[in-house]
Each structure stands twice: as structure tokens, then as C-alpha cells.
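Notes follow once the structure below has been shown.
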Amino acid sequence: KLSFLFQQMILIFKSPKARRSSPSLLSIALMWQNVSLALYEVIFVSNIISIPWAKYDKSISSALIIEMALPSSTLKYLKATIKSLESREKHIKLIIDEIFGPKD
């Protein structure tokens, strides 16, 4: 969190053409772009924070595969678990997984 703020403070004092984004800022920018391109463009245009130009991010990420889905092992586990449960148990299991599941 502090490194992001520190990077932003450094970028503020540089001209737009002289700004160079760190790998961590690029990864954050790519994630934001993947979630909502429209919001990313609003943030970029508003100049609230310094983020790379959307086309620059696309040129970098063209070689990457960004997957927002669940891993196949998780899907296999969920399918196997659901088959063995009754209707009421499915609801209880879902609630427990929501409460105690992994936090990203």
C-alpha cells in the first residue's frame, strides 16, 4: 500500500511523457482494466492518480492470458461435493463456504 502511494508521489512530479510505471503498478492497472475498462478510462482522464495509458497496457498484456474464472481443481471439487448433498445440505454448505472460504 505504501509503495503504491510512494510511486504516485514520484510520478506526480514527472511530465506525462517521462513517467515510467513499475511492474507492480502495471499489474494493478491491468487488473483494473480487466475489471472495468470504462472506470479505468475515467480514472485516467481525471488524472486523480497516475496510471498507464490503456493502449500501453493492452500492448503489454497482449502476450498474457488473464483468467478471472475459478481454477479447474476448484470446479471439480465443487461439482463432486454438490452431487453428494441433499437440497438442505447444499444451502448450509454454501453458507459455510461463504463465511469460511479463502479470502483473497
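If you scan region 17-30, which residues turn out to be part of a helix (DSSP H, G or I) and closer than 11 Å to Ile51 by Cβ?
Once the filter is applied, which keeps residues that are part of a helix (DSSP H, G or I) and closer than 11 Å to Ile51 by Cβ, region 17-30 yields Leu25, Leu26, Ile28, Ala29, Leu30.
Please enumerate the residues belonging to region 25-69 that are at pLDDT below 80 and hydroxyl-bearing (Ser, Thr, Tyr).
Residues satisfying the conditions are Ser27, Tyr56, Ser59, Ser61, Ser62.
The values are calculated or read from the model by the stated rules, or taken from the named source; none is laboratory data. Bear in mind that the values here come from a model prediction, so they are computed numbers and not experimental data. In this analysis, Cβ positions are derived from the backbone assuming ideal geometry, glycine residues included, and neighbour counts consider all displayed protein chains.
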